[in-house]
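Data block below; observations after.
The values are calculated or read from the model by the stated rules, or taken from the named source; none is laboratory data. All values reported here derive from a predicted model rather than from experimental measurement. The protein model used for the area step is the full one, side chains on, heavy atoms only, and it has no ligands, DNA or RNA in it. Shrake-Rupley method; radii C 1.70, N 1.55, O 1.52, S 1.80 Å.
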Amino acid sequence: MLDYTHDGLLVAASLAVALMAGFTGLSLTRGASALPVARRKLMVSMSAVALGGGIWSMHFVAMLGLQLPIQFYYDSLLTLISALVAILIAGLALLVVHFGKRTRARVVLAGVIVGLGIPVMHYVGMSGMQICRPVYSLGGVLVALTVSVALSVTAFLIAYDKRAPRNIVLGTLGFGLAVFAVHFTAMAGTGFVQAEGAAGAGPLISNGILAFGVTLAVFVLSGAFLLTGVTFAPQPAGLTTSGIPPQQAPVTAPQPLQAPRKPDRGAVSTLPYEKDGHTRFVNADAVAAIRAEGHYTVLYVGAQKLFCPWSITEAETRMHQADFVRTH
């Protein structure tokens, strides 16, 4: 067996990758269950790429930090397959929790899917090593599977208990630590030997440069997703939707009275809102006002403020136009 160590800097980078990807994926799906099917599919797809790509990237960056006494590199096709496996299992888990009624059993099932998928991705990726080959122990594989399922289920239960920012942050920590712990638990049960008759010039790019490129790509991709699809922090209560203090906002002329008209075609009589991790609906007649909150809205129902996953434009389009007047 060959002795091996790890580059501490790349180990730390792999953990940062897992945390960034987890935060991106869990933030993108906040409120997704109440979105129209087309937009929900888009958000789930983006989240699957972020979560699955983060799982694979954490593994790959950590493997690039592996230091052996001989040169080694990875087969491109098997490396690509391992990345696709990670994205597919993340997508399948998100489909379970965001399409259909969300129950505790479905959240646990999603965690089990990811928990089984992480080791599968890990061992597929490891099989792509060239010049040296990994040697596994049955006990090491079983321990890795057990740890992966337990931590993944826990992370999903935390993240989907309530879809509040606090749960997203805690779920991110659980997800990142789960991926990180599974990788190094599996590595603890793995040995390496030099492949017989192995020869080759090795990769054109060093492992360190490749790890830097993968880490940078994950952060750029996650940042782009967050900027385009997520409003994590609520807007200050003292500002209007345009960011102007109420006392400085322009005064609009009173709206003239209009004769009642028939409801617009396709208009809805209820609005969705999220509470305690579930999507509920409120009768439009009970809503006194709707306020924009970035990509989402807040419904004012009596003394309650309810989080609605619709944007203000979508709410205006789908509501009876005679019921509300939009102001700035």
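Put simply, the amide H of THR270, placed in the peptide plane, has neighbours under 5 Å in ALA284, leaving out anything fewer than 5 places away on its chain.
Couplings 3J(HN,Hα) for the range 78-95, derived from phi with the Karplus relation 6.51 cos²θ - 1.76 cosθ + 1.60 (θ = phi - 60°), are 5, 5, 5, 4, 5, 5, 5, 4, 4, 5, 5, 5, 5, x, 5, 4, 5, 4 Hz, where x marks Gly and Pro.
Of all aspartates and glutamates in the structure, the ones whose alpha carbon falls short of 15 Å from that of LYS101, not counting any fewer than 8 places away in one chain, are ASP161, GLU274, ASP276.
With all protein chains kept in place, the per residue accessible area of the range 1-128 amounts to 38 square angstrom at a probe of 1.4 angstrom. Shape class for the range 8-87: oblate, because the ratio a/c of the largest to smallest gyration tensor axis (alpha-carbon atoms, square roots of eigenvalues) is 1.5 or more and b/c is at least a/b.
Amide H contacts under 5 Å for GLY277: ARG163, restricted to partners 5 or more places along the chain or on a different chain, H placed in the peptide plane at 1.01 Å from N.
Between amide H atoms placed 1.01 Å from N, distances below 5 Å from HIS6 occur with GLN67, all of them 5 or more places distant or on a separate chain.
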